[in-house]
Amino acid sequence: MSIGIKGLRIDNVAIASKEGGNEISGNYSIISTTDKIIAKQGFNSYDEVKITMSQETKTALNTFLAALKKDAETTTGLVE
């Protein structure tokens, strides 16, 4: 019996602000055609798979982070 891969599931993502941009790392699971997790792998950390973000992903991330910062500032009363 062979194992078929149905797809990936992003399990968690960490965003760290660094000079010159953001560093993204996390973990994903490989899902079989029987909906079982057959492997887990980290990405963009020291000894893991490196994923290069497209310009579209970078733009979306920066938009998300700007909106999150605005929401946090509003919630904490730093801006009205």
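We did not get these values from a lab; they are worked out from the coordinates using the rules stated. Every value quoted in this text rests on a predicted model; they were computed, and no experiment measured them.
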In order through region 72-80: 3J(HN,Hα) via Karplus (6.51 cos²θ - 1.76 cosθ + 1.60), integer Hz, x for Gly, Pro: 5, 5, 5, 5, 8, x, 6, 9, 9
Tell me, what ³J(HN,Hα) does each residue in region 47-56 have, in order and in whole Hz, if you take phi through Karplus 6.51 cos²θ - 1.76 cosθ + 1.60 with θ = phi - 60° and put x for Gly and Pro? 10, 10, 4, 9, 10, 8, 7, 6, 4, 4
Before rounding to the nearest 500, sum -39500 (n - 2.57) across all DSSP H runs of length at least 4 in the chain and divide by the residue total; then give [θ] at 222 nm in deg cm²/dmol. -9000 deg cm²/dmol
How large is log10 I(q)/I(0) at q = 0.11, 0.16, 0.25 Å⁻¹ when the Debye formula is applied to the Cα atoms of region 5-75, each weighted equally and without solvent? -0.37, -0.70, -1.14
Residue separation between Thr52 and Ala66 times 0.36 nm, minus their alpha-carbon distance, gives in nm 2.9 nm
Long-range amide H partners of Lys6 with built H, under 5 Å: Ile31, Ser32, Thr33
